[in-house]
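The values are calculated or read from the model by the stated rules, or taken from the named source; none is laboratory data. Just so we're clear, the structure is a prediction, and the values are computed from it rather than from any experiment. Virtual Cβ from ideal backbone geometry, glycine too; neighbours counted across all protein chains shown.
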Amino acid sequence: MAKDITLLWGSGSPPCWRIMIALEEKNLQGYNQKLLSFEKGEHKSKEVMDINPRGQTHYTTDVKNESFLLFFSPQQSKYKSQGTKLIPDCDAEQALMFQRVFEVNTFGDKMGMLVRRCRICLSFVLPVCTPNSAAKSLSTSGGFLAGKNFSLADVIVFPAIAYLYRFGLSEERYPKLTEYYKNLMNRPSIKATWPPTWKETPGQDILKDI
């Protein structure tokens with residue numbers, strides 16, 4: 001089954017990382033993959049542009065397997081019963097999970113803006129899901145974003161959180177968010193797919209004063 005999947009990905013890209021975490025959680029190791037270099041412009045190659053005309057860095061990923069998209073549909077997913085249950089059965093938890101998933105687009109846009117501008121106040125640019133609001137929800141959800149178990153919400157949001165810490169977000173200022181980050185960073189699926197460039201090079205500190 002995994003051999004039917006081909007993943008084109010870039011190291012350090014949160015969208016790419018999300019798919020890799022989901023594949024690990026669904027026990028779909030051994031898929032075909034090709035690591036693209038952003039520095040060499042490989043994300044703009046004809047191979048990628050034929051699949052995704054946008055060819056965006058950090059905010060796109062390409063999977064040449066339409067059935068993979070069914071991960072996000074609990075009624076149609078061919079992988080629903082395989083590996084970790086990423087979509088809760090409980091209606092309330094499922095609603096919260098999808099809320100978190102849909103919020104990540106706004107979070108990601110503001111996160112990118114923050115990193116690029118470096119000096120914009122985090123609480124201003126993240127009105128939908130600030131570190132403080134995220135910490136409040138974490139304190140009542142058992143350490144995960146949508147209920148007491150790891151879910152699709154964590155798959156989608158964790159890479160964005162990790163991206164902030166990669167750029168030096170203060171652990172002291174955001175203790176609950178830091179606790180969430182550190183608890184999940186050693187989860188097998190996350191540890192196995194940790195961006196190789198992050199292992200090879202030190203992070204930056206441009207967000208240390210935010």
Contacts under 6 angstrom Cβ, first residue in region 1-20 being in a loop (DSSP other than H, G, I, E, B), partner surrounded by fewer than 18 Cβ atoms within 10 Å (Cβ to Cβ) and at pLDDT 85 or above, 6 or more apart: S11/P196; S11/T197; G12/T197
Boolean, K40 is within 25 Å of A162 (Cα to Cα), charged (D, E, K, R) and within 18 Å of the chain's Cα centre (by Cα): no
Residue in region 30-40 that is out of contact with any strand residue (DSSP E or B) (no Cβ under 8 Å at 6 or more places or on another chain), closer than 24 Å to S189 by Cα and touching a residue at least 24 places away in the same chain (Cβ under 8 Å) present: yes
Residue in region 145-155 that is more than 16 Å from I210 (Cβ to Cβ), modelled with pLDDT of 75 or more and more than 17 Å from the chain's Cα centre (by Cα) present: yes
Every residue from region 168-210 that is touching a Cys at 6+ places or on another chain (Cβ under 9 Å), modelled with pLDDT under 90 and surrounded by 18 or more Cβ atoms within 10 Å (Cβ to Cβ): L207, I210
Unique match (being touching a Cys at 6+ places or on another chain (Cβ under 7 Å), modelled with pLDDT under 85 and among the hydroxyl-bearing types (S, T, Y)) among T6, T61, T57: T61
